[in-house]
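For reference, the structure discussed in these notes is given below.
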Amino acid sequence: MPYVYLDAGSTHPMPLGAKAALEEYLRYKTRDGLWAGYSIDAKEKIVLAGFGALVGAAPDELTFIQSTTMGENLVLKALGFPEGGGRIVTDALHFFGSFYTYGELAKLGMDVVTLPMTPEGRIDMQAMAAAVNDKTRLVSISHVSTTNGFEHDLKAVCDLAHAHGAYVYADIVHGAGSTPLDLRAAGVDFAATSSYKWLMGDFGLGFLYVRREVQEKLPRPWWGYHQVGGRFVTHVFPFDPPGQTVADYGYAQGAAGKFAMGTTSWTGVVQLEHSLGFIQKLGVANIQAWRQPMAVAIQTELRRRGYQPMTPLGSRTPLVAFALKDARAKLGELLAKNDLRLTVSANRFRVSLGVFNDMNDIDRLLAVLPKAPPA
């Protein structure tokens with residue numbers, strides 16, 4: 001019986017083309033160190049442009065980061081939190097790791113408002129409109145929620161926030177590569193993602209988006225040598241020109257000049273050069289259309305059986321979640337015994353639908369899950 005993987009939302013399997021690209025990279029690293037014609041710099045440019053095309057961003061609005069969490073923290077630091085004070089509006093469907101971030105900011109004096117999830121699994125825009133005021137400095141959300149796949153209307157959120165002078169940060173780790181997304185058209189100010197989920201990359205490399213119009217308003221939240229650009233002239237070594245400082249330097253243009261770090265993951269770049277091209281060739285809208293009948297089948301059948309849905313009806317994202325008390329204890333062993341892999345938490349379970357899944361996988365899942373929620 002074949003193993004069924006319904007957990008791409010935790011970490012996506014590596015495409016075979018990305019594996020081949022990694023093998024080529026390893027040959028590059030082990031064949032006398034280097035060979036002519038293989039350029040990581042060129043691949044980085046291809047990857048930034050490819051990701052930008054996927055999410056509606058120009059290359060100068062992007063820079064590499066280590067993780068989504070790093071990107072979010074850089075944004076918070078650039079905005080002067082917590083020292084500058086003010087209100088942050090977030091919600092219960094944001095990444096659960098960010099609960100810690102905003103909990104700590106609240107302890108340090110920030111006014112943090114966390115909007116609840118509605119019974120239908122949404123964040124109510126009227127509740128957000130009531131929470132966002134002229135003291136609000138940031139609205140921080142997930143474009144697609146890791147908890148249940150709820151998708152925010154980014155344009156509506158940005159219009160609301162901007163009307164009060166606030167910025168918008170979007171965690172796009174479950175949107176980029178899985179769901180049509182245009183950051184610039186929506187008006188998003190900041191966004192971040194890792195690459196190991198729907199971008200089909202790996203841990204250790206992601207992207208930070210900073211809208212061009214915002215960049216010059218922000219201080220550098222940290223200093224990394226990849227922020228240097230244009231010129232770098234030292235004045236301390238033999239044959240150096242004289243100068244009044246250790247070195248004279250300029251800054252890289254765009255988001256990199258404010259937010260870039262040091263060394264990036266070359267293996268991540270190599271993988272993404274293939275994976276982003278693969279996603280672009282398939283088309284995100286086509287990926288979405290392929291999985292939609294599977295999502296509908298899961299929603300329809302498990303609701304009929306009496307399982308408690310967490311994902312809104314009509315959702316077009318790759319995640320479908322249900323609440324079940326003691327889910328891990330009740331389903332974990334059953335699913336493992338039947339070679340089914342999905343996310344099973346303490347009191348909920350979540351199915352993630354990848355490009356490699358089909359209705360046969362859904363039939364297997366539905367055949368194994370109890371015909372009624374286990375007591």
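The set of residues in segment 222-247 that are among the charged types (D, E, K, R) and either under 20 Å from THR264 (Cα atoms) or at pLDDT 95 or above (or both) contains only ASP240. From the list GLY52, GLY56, GLY9, the one residue that fits, being in contact with a Pro (Cβ under 6 Å, 6 or more places away or on another chain) and buried (at least 16 other Cβ atoms within 10 Å of the Cβ), is GLY52.
Tell me yes or no: at least one residue of segment 353-371 is among the aliphatic types (A, V, I, L, M), surrounded by 15 or more Cβ atoms within 10 Å (Cβ to Cβ) and within 20 Å of the chain's Cα centre (by Cα). So far as segment 353-371 goes, yes, one or more of its residues are among the aliphatic types (A, V, I, L, M), surrounded by 15 or more Cβ atoms within 10 Å (Cβ to Cβ) and within 20 Å of the chain's Cα centre (by Cα). For ALA57, the test of being part of a loop (DSSP other than H, G, I, E, B), within 20 Å of ALA191 (Cα to Cα) and either in the same structural domain as ASP189 (by TED's automatic domain parsing) or not hydroxyl-bearing (Ser, Thr, Tyr) (or both) is passed. Residues that are in contact (Cβ under 8 Å) with a residue 24 or more places away in the chain, among the aromatic types (Phe, Trp, Tyr) and not in a loop (DSSP other than H, G, I, E, B) are absent from segment 299-314.
In segment 349-368, the residues that are closer than 16 Å to ALA321 by Cβ form Cβ pairs under 9 Å with partners that are of a type in the set (S, T, N, Q) and in a helix (DSSP H, G or I), at six or more places apart or across chains, as follows: LEU353/GLN292.
Per-residue answers, yes or no, for (1) basic (Lys, Arg); (2) touching a residue at least 12 places away in the same chain (Cβ under 8 Å); (3) under 30 Å from ARG348 (Cβ atoms); (4) surrounded by 13 or more Cβ atoms within 10 Å (Cβ to Cβ):
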| residue | (1), (2), (3), (4) |
| --- | --- |
| PRO2 | no, yes, yes, no |
| ALA20 | no, yes, no, no |
| GLU61 | no, yes, no, yes |
| PHE64 | no, yes, no, yes |
| MET70 | no, yes, yes, yes |
| ASN73 | no, yes, yes, yes |
| LEU76 | no, yes, yes, yes |
| PHE95 | no, yes, yes, yes |
| TYR102 | no, yes, yes, yes |
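In this entry, THR69 passes the filter for residues that are of a type in the set (Ser, Thr, Tyr), part of a helix (DSSP H, G or I) and within 19 Å of the chain's Cα centre (by Cα).
Taking segment 244-281 as the range and being acidic (Asp, Glu) and in contact (Cβ under 8 Å) with a residue 24 or more places away in the chain as the test, only GLU273 passes.
The values are calculated or read from the model by the stated rules, or taken from the named source; none is laboratory data. As the structure is a prediction and not an experimental result, all values here were calculated from the model. Neighbour counts run over all protein chains shown; Cβ positions are idealised from the backbone, glycine included.
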